[in-house]
Amino acid sequence: MTRDTLLIASGGMDSTTMLYEYAERIALAVTFNYGSNHNAREIECARYNCERLGIKLLVIDLPFIGKLFNSSLLSGADAIPDGRYDDENMRSTVVPFRNGIMLAIAAGIAESEGLTRLMMANHSGDHAIYPDCRPEFVAAMGGAIAAGTYEHIVLDTPYTNISKTDIARRGAALGIDYSHTYSCYRGGARHCGTCGTCTERRQAFAEAGIPDPTEYISEQ
Ligand SMILES: [Zn+2]
């Protein structure tokens with residue numbers, strides 16, 4: 001199969017599952033270091049899985065985001081609220097237009113590298129809080145990327161309408177070891193277990209009926 005795809009890989013469960021599911025088509029994975037609490041641990045996981053699959057990983061620093069953007073995700077572990085992932089209080093963790101910025105950079109890199117397809121692992125559970133994960137955003141951004149590149153690069157987001165539980169099921173079928181993925185918005189050595197992303201991660205394993213390999217600080 002032709003390797004025609006650039007994947008935006010964060011090191012979390014969703015993009016790691018996509019990395020394995022589409023490994024044969026992925027020529028390059030790109031991850032962004034934008035100053036979030038959990039960037040360092042996420043990137044470590046992205047690096048581990050890319051190395052395992054023999055896929056080149058590019059780490060791109062975006063230091064201005066941490067300086068100029070307003071988000072609790074950029075402000076240390078104590079600023080992160082506990083709660084459910086789709087709760088209104090999770091809005092403080094949104095990094096404004098993050099996916100738009102990352103996709104724009106990734107589109108430029110894809111065109112430079114002669115790649116014709118971009119992949120991003122947004123899913124249906126993201127829609128409630130994150131505007132730049134919703135189908136209308138993906139359609140509009142996909143249109144802009146296709147129109148703005150000579151090769152009419154295609155944006156492909158096959159998880160847009162499936163849940164994290166579905167993603168965990170797919171990953172388990174692919175034999176993915178999720179202990180080498182990271183989700184916690186607090187960014188500690190162990191997952192906190194109570195922030196929105198930890199709650200979502202735990203719920204996905206439970207609903208999928210898959211053993212959760214994550215070590216949480218708090219078990220509830
Ligand atoms: Zn957490």
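The values are calculated or read from the model by the stated rules, or taken from the named source; none is laboratory data. Model, not experiment: these values are computed from the prediction. Here the Cβ positions follow ideal geometry from the backbone for every residue, glycine too, while neighbour counts run over all protein chains shown.
Among the residues of region 2-27, those that are of a type in the set (S, T, N, Q) and at pLDDT 95 or above comprise Thr5, Ser10, Ser15, Thr16, Thr17.
Does Ala144 meet the test of being more than 16 Å from the ligand (Cβ to nearest atom), closer than 18 Å to Ser15 by Cβ and not hydroxyl-bearing (Ser, Thr, Tyr)?
Numbers: more than 16 Å from the ligand (Cβ to nearest atom): yes; closer than 18 Å to Ser15 by Cβ: no; not hydroxyl-bearing (Ser, Thr, Tyr): yes.
When the stated conditions are applied, Ala144 does not pass them.
Looking across region 190-211, the residues that are closer than 23 Å to Ser36 by Cβ, assigned to a helix (DSSP H, G or I) and small (Gly, Ala, Ser) come down to Gly196, Ala204. In a residue-by-residue description of region 205-217, the property of being at pLDDT 95 or above and within 30 Å of Gly114 (Cβ to Cβ) applies to no position. Does Thr2 satisfy being surrounded by fewer than 16 Cβ atoms within 10 Å (Cβ to Cβ) and not charged (D, E, K, R)? Here the answer is yes, as Thr2 does meet what is asked.
Can you name every residue in region 54-64 that is of a type in the set (A, V, I, L, M, F, W, C) and exposed (fewer than 13 other Cβ atoms within 10 Å of the Cβ)?
Taking region 54-64 and keeping what is of a type in the set (A, V, I, L, M, F, W, C), we get 55, 57-60, 62, 64.
Phe64 - this is the single residue of region 54-64 that is of a type in the set (A, V, I, L, M, F, W, C) and exposed (fewer than 13 other Cβ atoms within 10 Å of the Cβ).
If you scan region 193-213, which residues turn out to be without any contact (Cβ under 8 Å) to a residue 40 or more places away in the chain and crowded, with 19+ Cβ neighbours inside 10 Å? Of everything in region 193-213, those that are without any contact (Cβ under 8 Å) to a residue 40 or more places away in the chain and crowded, with 19+ Cβ neighbours inside 10 Å turn out to be Gly193, Cys198, Arg202, Phe205.
Being away from the ligand (no atom under 16 Å from the Cβ), of a type in the set (Lys, Arg) and surrounded by 17 or more Cβ atoms within 10 Å (Cβ to Cβ) is the requirement here; does Arg169 meet it? Give the steps one after another, and end with the answer.
Numbers: away from the ligand (no atom under 16 Å from the Cβ): yes; of a type in the set (Lys, Arg): yes; surrounded by 17 or more Cβ atoms within 10 Å (Cβ to Cβ): yes.
So Arg169 passes the test.
For residues in region 76-114 being within 15 Å of the chain's Cα centre (by Cα) and not in a loop (DSSP other than H, G, I, E, B), which is nearest to the ligand (Cβ to nearest atom)? It comes out as Thr93. For residues in region 177-191 being buried (at least 20 other Cβ atoms within 10 Å of the Cβ) and either under 14 Å from Arg84 (Cβ atoms) or not basic (Lys, Arg) (or both), which is farthest from the ligand (Cβ to nearest atom)? Going through the qualifying residues, I end up with Tyr178. Might you check whether a residue that is farther than 30 Å from Tyr22 by Cβ, charged (D, E, K, R) and surrounded by 14 or more Cβ atoms within 10 Å (Cβ to Cβ) occurs anywhere in region 95-116? No, the conditions are met nowhere in region 95-116. Summed over region 172-189, the residues that are part of a loop (DSSP other than H, G, I, E, B), out of contact with any strand residue (DSSP E or B) (no Cβ under 7 Å at 6 or more places or on another chain) and of a type outside the set (Asp, Glu) give a count of 8. Scanning region 130-171 for residues that are in contact (Cβ under 8 Å) with a residue 60 or more places away in the chain, under 15 Å from the mean Cα position of the chain (by Cα) and part of a helix (DSSP H, G or I) turns up Lys164, Ile167, Ala168, Gly171.
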